[in-house]
Each structure stands twice: as C-alpha cells, then as structure tokens.
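Reading through the structure tokens given below for one structure.
No lab work stands behind these numbers, since they all come straight from the coordinates. The shown structure was predicted, so the numbers you read here are calculated from the model rather than taken from an experiment. Positions of Cβ are backbone-derived with ideal geometry, glycine not excepted, and every protein chain shown enters the neighbour counts.
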Amino acid sequence: MLSESQWRVAATVLPFLADPTAEVTRTFVSQATLIRLPPAATVFEEGDVCSTFAILAQGQVRVFKIGETGREITLYRFARGESCILTASCILSERQFPAIATVETQAEAFVVAHTTFQQWVDTFPPWRDYVFQLLSRRLATVMAIIDEVAFRRMDVRIAAFLIHQSARDGATLALTHQQIAAELGSSREVVSRILADFAANGSVHVTRGSIAILDLPSLAQRAAGR
C-alpha cells in the first residue's frame, strides 16, 4: 500500500491517478508498492517468469539481448513514467522474459503483481490505455532497430549514434568502443576499425574512454550513407 506522499508521486508519473476518489486510484494505492533499485541491479534475466509489473518513478533501465557469440544489442531503455513492454507482453501471453533488463541509474518503481496487472487491463480503461499506448510506442522503437540492423551499414549506424549522443551530452562523449558495440549489436573490433576511419577523416578524435566530435557535418554525411 502506498502512503499519501507516494501516491502524489504516482499521480505525477501516471496522471490518470490524480483523482483520489477514482476507483482506479484507490485500487492502485491499496495494491501497489514502491521499491528502490540500485545501479547495475538485474531486473529480469532471460527466461525469467514475469511475476510483477513495474512503472518507473525515477531512474533508467536498459533492456538488451546477448547473442550466442556474446555480442549485446540494446533493444530499448525506459525511464520515468514508462515501463517494460516485454514484461507486459510476457504477462499477457504467459511467456518467459526473452531478454535482460538491468538498472542503469538509481531507480524507484511502483510495482504490482502480474495477476493485478491483468485484472486492471480488464477493469480500468485508463490503465488499459496506458499499457496499449506504451506497447504501441515501444513497438515502433523496436521496429526501427530491426530496420537498422537489417538494412543499414555499421559505419552509418555508428555515425548516427554518435550524433544522437552528442545532441544530449555535448561534443565530447565518455564512451568506450565496447559500449558502442553493445548498443549496436556489433563487436569491439568492428567499432574500433570504423572509429579509426572516422578519425583519419578528421570527423572525430578518439582517446581511451572518450570520443570527441570534431566535424559534425562530415559525421552527418556518413550517417546519411554518403
């Protein structure tokens, strides 16, 4: 059961809980719990049974796959006000979790049991709308990743990734070659070779654990496949 202060946080994360007299709000407050998850904590391993459904109040969780060769690829991340669509899918289809989910930054989450999640989908239209909108948005993200992996060259994908990261973090990125490889489903050796090519063209300057973008227009041309 949530305290009043926890409910107020929940209402900022899920606006349909703002009315304290609404049945969906009263039910959420009585059946949800707030948990804290430290960085690097594993939320789900591949093959786990999804016994709970969580909505993040703060922090960020990464969902990824590891192939037979040991290579990783990031499927998506979710943050405040969001949840894991694979968890929702597994609960609704009664299947095991098909990936790995780990906490990247200190997180707090509102958690409900999987049976409660299913009941609310049937009972409360605002909850059902939230879940289906979440599924719709994240499906588009996953489809974009499939399109990239299947049809775009790795140098194009790395250039686009660096541009995206620089828009958020600035021209100097604290990234290792292995981190980029894990994000994009490649190997460290391939990433290193492509970054060396970018550096030779003057687009970036690469040092240990850091990549500085020197020529954004040149990098944008590579991202466009030119």
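Below, the figures for the structure above:
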| item | result |
| --- | --- |
| Helix runs (DSSP H) in the chain reaching 24 Å along axis by Cα, Kyte-Doolittle at least 0.0 | 125-151 |
| D_trans [Stokes-Einstein, Kirkwood Rh over alpha-carbon pairs] for the stretch 152-223, 4 °C, 1.567 mPa s, µm² s⁻¹ | 111 |
| FRET efficiency estimate (nearest 0.05) - Cβ-Cβ, Asp169 to Ala196, R0 22 angstrom | 0.50 |
| Compactness of the chain as Cα Rg over 2.2 N^0.38 Å, two decimals | 1.17 |
| Packing rank of 120-130, 157-167, where each peptide gets the mean count of other beta carbons within 10 Å, highest leading | 157-167, 120-130 |
| The chain: Cys lacking any partner C-beta under 4.7 angstrom | Cys84 |
| Kirkwood hydrodynamic radius over Cα pairs of the stretch 21-104, then Stokes diffusion coefficient at 4 °C and 1.567 mPa s, in µm²/s | 93 |
| The chain: most fluctuating residue of Thr116, Thr105, Thr207 per GNM, C-alpha cutoff 10 Å | Thr207 |
| Highest-first arrangement of 213-221, 137-145, 173-181, 78-86, where packing means the average Cβ count within 10 Å | 78-86, 173-181, 213-221, 137-145 |
